[in-house]
Amino acid sequence: MKEHYVTLFNSKFLPQGISLLLSMEKHIENFNLWILCLDIECYNLLGKLNNKSVTPLLLSDFETSDLLIAKNNRSFTEYCWTLTPFTFNFVHSIDNSIKRLTYLDADMFFFKNPSDIFDDFEKSHKSVLITKHNYSPFYDHSNTSGKYCVQFLTINFEDGEIIRKDWESKCLEWCYNRFEDGKFGDQKYLDRWPIDFKNKVHVLVKNDIILAPWNITKYSTEELIVFHFHGLRVLNNDKFYIGNYLIPRATYDQIYKIYLGSLKESIDLLKSLKFYDYVQQNNSLLLKIKSILSVPYFILKLFKYRHIIKT
């Protein structure tokens, strides 16, 4: 069965988006990645790739009047979150033969074939797959950011559309980067799904196959399938900010070095296509200060850890 995936990003996030694609090409035999391009530069460049496994979609071709109203009263990040439930419908409107579709955050990266994830989902005989944050205690924001993470979310169109439409309606009404009345972005809505749609929603059973910086200290990477490189940003060709998390040295050596290598490969590809506007942060001093404030400095020194990495 051919798996279909969808993600969204703009031209600034092309290094991560292309790295996601490269990891999928390495570990997945038969797939299609639909990419909702948030600007024309991203759409044009992905077109130049001429990759048979990629279908770029231009956001402006799908924006409704309701979405444009939301766009005008939300930040860029908030609007991206608002769009997440819509991406499923955008894809299905083009190819209604697709039975199920998986949303991926663009900064995800595959280390193995995800067949075990889908096997777990299929055994549940349910319509929607979601994953827990599984926070480490130091980073636990379940009460404000949500118990579940949108990062990897699968919907079977036949039976899951009622949930997607409900999510879409709620995100269109309210989707902001703040905790308010039990809501946060597009994500806190998921807390109710296993309760309100208990016969339709499956929570991934294994906690160690989709990992992220907020839980990496809890698990071994032995069973890792997908890692979410949340917060990592490109500073220049060989300098990266890896986020406000304390990453164990072993994890950096086993996981982050591979991803940084892929990002450099993606940047080289972008440069070969005459695209150079991929720097995502350019104030290293400000980022260093932010990092020290997020993690006590003595811990950083103890672990000989740096947030700014030059490869």
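The values are calculated or read from the model by the stated rules, or taken from the named source; none is laboratory data. Fair warning: this is a prediction, and the values are worked out from it, not measured in the lab. Quick reminder, even Gly has a Cβ in these numbers, built from the backbone with ideal geometry, and neighbours come from all protein chains shown.
Within the group Phe13, Phe31, which residue is among the aromatic types (Phe, Trp, Tyr), surrounded by fewer than 22 Cβ atoms within 10 Å (Cβ to Cβ), closer than 23 Å to Ile225 by Cα and out of contact with any Leu (no Cβ under 9 Å at 6 or more places or on another chain)? Walk me through how you get there before you give the answer.
Details: Phe13 fails: out of contact with any Leu (no Cβ under 9 Å at 6 or more places or on another chain).
Exactly one of Phe13, Phe31 is among the aromatic types (Phe, Trp, Tyr), surrounded by fewer than 22 Cβ atoms within 10 Å (Cβ to Cβ), closer than 23 Å to Ile225 by Cα and out of contact with any Leu (no Cβ under 9 Å at 6 or more places or on another chain), namely Phe31.
Go through the residues of the stretch 229-248 one by one and say whether even a single one is within 25 Å of Asn156 (Cβ to Cβ), modelled with pLDDT of 95 or more and crowded, with 18+ Cβ neighbours inside 10 Å.
First, the residues of the stretch 229-248 that are within 25 Å of Asn156 (Cβ to Cβ): none.
Checking the stretch 229-248: not a single residue is within 25 Å of Asn156 (Cβ to Cβ), modelled with pLDDT of 95 or more and crowded, with 18+ Cβ neighbours inside 10 Å.
Can you name the helices (runs of 4 or more DSSP H) wholly within the stretch 56-140 that have at least 3 residues being of a type in the set (Asp, Glu)? Working first, answer last.
On the way: elements: 65-72, 76-94, 115-124.
Output list reads 115-124.
Of everything in the stretch 263-279, what is crowded, with 20+ Cβ neighbours inside 10 Å and in a helix (DSSP H, G or I)? Give them in sequence order.
First pass over the stretch 263-279, keeping only residues crowded, with 20+ Cβ neighbours inside 10 Å: 263, 266-267, 278.
Listed by number, the residues that qualify are Leu263, Ser266, Ile267.
Which members of the stretch 1-47 meet the condition of being basic (Lys, Arg) and under 25 Å from Leu235 (Cβ atoms)?
Within the stretch 1-47, Lys12 is the sole residue that qualifies.
A quick yes/no check of all residues on (1) surrounded by fewer than 15 Cβ atoms within 10 Å (Cβ to Cβ); (2) out of contact with any Gly (no Cβ under 9 Å at 6 or more places or on another chain):
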| residue | (1), (2) |
| --- | --- |
| Tyr176 | no, no |
| Ile195 | yes, yes |
| Lys198 | yes, yes |
| Val203 | no, yes |
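Restricting to the stretch 147-174, and then to whatever is hydroxyl-bearing (Ser, Thr, Tyr) and assigned to a strand (DSSP E or B), can you tell me which residue is surrounded by the most Cβ atoms within 10 Å (Cβ to Cβ)?
Keep residues of the stretch 147-174 that are hydroxyl-bearing (Ser, Thr, Tyr), which gives 148, 154, 169.
If we keep only those that are assigned to a strand (DSSP E or B) as well, we get 148, 154.
On the way: Tyr148: 24, Thr154: 26.
This residue is Thr154.
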